[in-house]
Structure formats: C-alpha cells, structure tokens
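The values are calculated or read from the model by the stated rules, or taken from the named source; none is laboratory data. Quantities reported herein were computed from a predicted structural model and do not represent experimental measurements. With ideal geometry, Cβ positions are generated from the backbone for all residues, glycine too; neighbour counts draw on all protein chains shown. With ligands, DNA and RNA removed, areas are computed over all heavy atoms of the protein, side chains included. Shrake-Rupley method; radii C 1.70, N 1.55, O 1.52, S 1.80 Å.
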Amino acid sequence: MAVSEQHAPGRTQGRRRLIIAGLVVLAALGFLVVRGLGNATLYFRTADEAVAQKQQLGNKRFRIEGNVVAGTVKGVSGTTAFNIESKGVVVPVDHTGDPPELFKPGIPVVLEGHFAGDTFASDRIMVKHSEDYVAKHPSRVTVPPSTVP
C-alpha cells in the first residue's frame, strides 16, 4: 500500500504540471490571435466621423476616407501634405512616403494612420476606384478574364 501512495502524488504532480503547461500554451496562443486580429482589423471612418470621434480614437491606428481637396497638395522629399474632406469636414493630412501614381486632387482616398493633434499622420494611401474610373481608363485596371463579357 505504501508503494501506491508514493506513486499517486507523483502522478498528481505530473498531471498538474501538464495542465499548467497546457494553460500557458493556450494563453500564449490566445494572446497571439487577439493581437494579430487587432492589427488586421483597422477601424474605418469617414473624415467627418473621425473628427466627431477623435476623443475615442485617440492615437489608435485606423483608416480614414475622404476626397483630396483641390489646391492643398504639397510634396516635399518623401512627405506629402494635403487635406481630405467628407460632408463638409476637412482634415489636414501629413503623409510619410510617396503617394501612389493615381493620387491627385479630387479623388477619393483611404488613408491608414492616426491622429497627431489635429492632423492625420498617414503612412499608407489607397486610391479608391469606382465603376466610372474603370469605364474611363480600361487600360489602367486589370480585369480578371472570368468577368470579361
């Protein structure tokens, strides 16, 4: 009987260690999944929504959408300053990096970045293309063969 009593505590400790190790691994995986999804799912706001929610957004990274205001684009070696507008609300933007080739005043853009004071600090510009753009510039847009009539 003494032999079985000695083995029982060893088995219990082994199981306890295995459970603790499993919980640590699960917690680490959970952390990585939450962290990865948090970075992959950026909030999307129009310029007017972003200004209205500026307090809640703070310095979190998110996407902002608006039309580039004509006469506001100024580029200086690797940075571009301009304004975007949505529903009458204008947001100044400081973009780091070169804008895409199709970037110009009057077009809708989506920017990634965060607020730095009253200015939106951007490091990515995505030009939005509408059906009208595709119809006017078919050579600039690649259409998959399965959608060609």
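Solvent-accessible area per residue in segment 52-133 equals 56 Å², computed with a 1.4 angstrom probe and all protein chains kept. Within the assembled protein chains, the solvent-accessible surface assigned to residue 54 is about 60 Å², based on a 1.4 Å probe.
Once fully extended, how much extra length lies between residue 60 and residue 119, figured as 0.36 nm per residue of separation less the alpha-carbon to alpha-carbon distance? Don't skip to the end; give the middle numbers.
Values: separation 59, 0.36 × 59 = 21.24 nm, distance 1.35 nm.
My answer for the length gained is 19.9 nm.
Note on segment 47-121: along the principal axes its Cα atoms extend 32, 24, 16 Å, ordered by decreasing extent.
Using 1/(1 + (r/R0)^6) with R0 = 41 angstrom and r between the beta carbons of residue 53 and residue 23, what's the FRET efficiency to the nearest 0.05? Could the numbers behind the result be given before it?
Values: r = 38 Å, r/R0 = 0.92.
It comes to 0.65.
Counted residue by residue at 0.36 nm each, then reduced by the alpha carbon distance between them, the extension gain from residue 43 to residue 90 reaches 15.0 nm.
Take each peptide in 68-81, 107-120, count the other Cβ atoms within 10 Å of every residue, and average; sorted highest first, the result is 107-120, 68-81. Full extension of the segment from residue 16 to residue 102, taken as 0.36 nm per residue of separation minus the current Cα-Cα distance, would add 24.9 nm.
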